[in-house]
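Each value in this text was obtained by applying a stated rule to the coordinates, not by laboratory testing. Keep in mind it's a predicted model, so treat the numbers as computed, not measured. Glycine gets a Cβ as well: all are built from the backbone with ideal geometry, and neighbour counts include every protein chain shown.
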Amino acid sequence: MAVNMILLLFFLTVSAVSAADEDAFIGVNIGTDLSDMPSPTQAGALLKAQNIRHVRLYDADRAMLLALANTGIQVTVSIPNEQLLGIGQSNATAANWVARNVIAHVPATNITAIAVGSEVLTVLPNAGPVLVSALKFIHSALVAANLDGQIKVSTPHSSSIILDSFPPSQAFFNRSWDPVMVPLLKFLQSSGSYFMLNVYPYYDFMQSNGVIPLDYALFRPLPPNKEAVDANTLLHYTNVFDAVVDAAYFAMSYLNFTNVPIIVLESGWPSKGDSTEPDATVENANTYNSNLIRHVLNNTGTPKHPGIAVSTYIYELYNEDLRPGSVSEKNWGLFNANGVPVYILHLIGAGTVLANDTTNQTFCVAKEGSDKKMLQAALDWACGPGKVDCSSLLQGQPCYDPDNVISHSTYAFNAYFQQMGKSPGTCDFKGVATITTTDPSHGSCIFPGRYALKL
């Protein structure tokens, strides 16, 4: 999916170019240039609060880079498509870009990669002839600054550059781009970088006119007779994601490149769509992203390369209510712009937990300035008909102090919210309650829902 905004992506586990003995990571896009999006400072605070160690910017936004300084977070910056022609035609322009957007920020900001453009061959084909030059000029500037060992350079591609993608063993890149793809792969191979690929099973499913089953797109278990089999390799495919990634591996091998690893830069599923997109639902988005996270973090690999990590960025962290386009374009996020989860990921058994499981760190609290009589009535309801265990609020118990209606109602509201599975509408109490990601626990009073993120 092409993007024309400042984006960042965050990652959960140890980052590594894919290899059999290395763990995969998961990333998520965050839009930050729209008025309904969090500021760089807020985004940085979210990353630090969730102990996120890897971030990717789809620009080199100075405010975001400053917000990430001295955090230790590993950062990937990007060159927007509109700057590509200038950089690809001038070594000096590339060097100036690196000086301004990289050298000026390291080592305080831990920049570890540069993504040059976004889906250039399909979105901006007239820049295709200078794409490899742009990568090489940027890399040369890094070499001159003695940063090439620390910072990788690559460029993300749409999966649509792969033709005849099933069976994967017959896949090949659009031959018209061979003059670009061959030197590009040579550069990635020689510099120890990776092939960046965007994979969207949602669009593959939508455009298949019923040929691709929904379960196959969503990573749902399939009976053996429903699995897709590559007749040439006899490899069995249980999901679209693996088939597309392997198609890229085979397309590279068709050009005699067999040791360039793949990182998936974008993948996700929309939670809402218009009448023409009936499968853009909360349940399907949850199913896809939960299964994708589990698949990636278990280091399952693909049928062609089992056990080889395929690190993946989920599109995206926040919904973008003001984004132009269809309803689904606004609804790829795991969270609403206010930080409230769109849905709770099903991550039991995933081995590690995505920051969306801040749903385990989402709390219901008394709203500031609320009428105390209304708070007391809501507190009485929660501890009575609401069936909340309010014993911790009794004198001598951990949550008795401070002994006031605001503190006690906050405890009761949150306990009810948690026991109701954080369902929509269960943190309202006639307008005197609100959702927060700030843990209201204090001293020995531990609120239900408190969670320590494990990485």
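Could you list the residues of the stretch 258-291 with an amide nitrogen less than 17 Å from a label point located 7 Å from the Cα of Val182 in the Cα-to-C-beta direction? Flagged as within label range: 258.
The Cα atoms of the stretch 26-335 give a gyration tensor whose axes a ≥ b ≥ c have a/c of 1.5 or more with a/b no greater than b/c, which makes the shape oblate. Here the calculated FRET efficiency for Ala145 and Lys48, from their Cβ-Cβ distance with R0 = 22 Å, stands at 0.20, rounded to the nearest 0.05. Taken about its Cα centre, the chain carries a charge dipole of roughly 620 debye when the Cβ of each Lys and Arg holds +1 and the Cβ of each Asp and Glu holds -1. For the pair Asn256 and Asn336, the difference between a 0.36 nm per residue extended length and the Cα-Cα distance amounts to 24.4 nm.
Taking Cα atoms, how many degrees apart are the long axis of helix 178-191 and the longest axis of the chain, rounded to 10 and kept between 0 and 90? Result, in degrees: 70. Extension gain, Leu394 to Asn225, is 54.8 nm, computed as 0.36 nm per intervening residue step minus the present C-alpha separation.
For Asp439 and Trp381, FRET efficiency with R0 = 22 Å and r from the beta-carbon atoms, rounded to 0.05? Efficiency, from the Cβ-Cβ distance: 0.35. Modelled this way, with points 7 Å down the Cα-to-C-beta line, the labels at Asp215 and Ser90 are 5.8 nm from one another. Entry note, the chain: the mean residue ellipticity at 222 nm calculated from DSSP H runs of n ≥ 4, each adding -39500 (n - 2.57), is -8500 deg cm²/dmol after division by the residues and rounding to the nearest 500. Overall, the anisotropy analysis places the stretch 363-436 in the oblate class: the square-rooted eigenvalues a ≥ b ≥ c of its C-alpha gyration tensor yield a/c not less than 1.5, with a/b not exceeding b/c. For the residue pairs Lys372/Lys430; Lys48/Lys136; Lys226/Lys304; Lys373/Lys430, alpha carbon separations beyond 22 Å are given by Lys48/Lys136. DSSP beta bridges fully contained in the stretch 26-335 are about 15 percent antiparallel. Too long at a 24 Å Cα-Cα cut-off: which of Lys367/Lys422; Lys272/Lys422; Lys387/Lys422? With Cα atoms farther than 24 Å apart: none of Lys367/Lys422; Lys272/Lys422; Lys387/Lys422. Of the peptides 428-440, 387-399, the ranking by mean beta-carbon count within 10 Å, highest at the top, reads 428-440, 387-399. Residue separation of Ile406 and Thr41 scaled by 0.36 nm, minus their Cα-Cα distance, works out to 128.5 nm of gained length.
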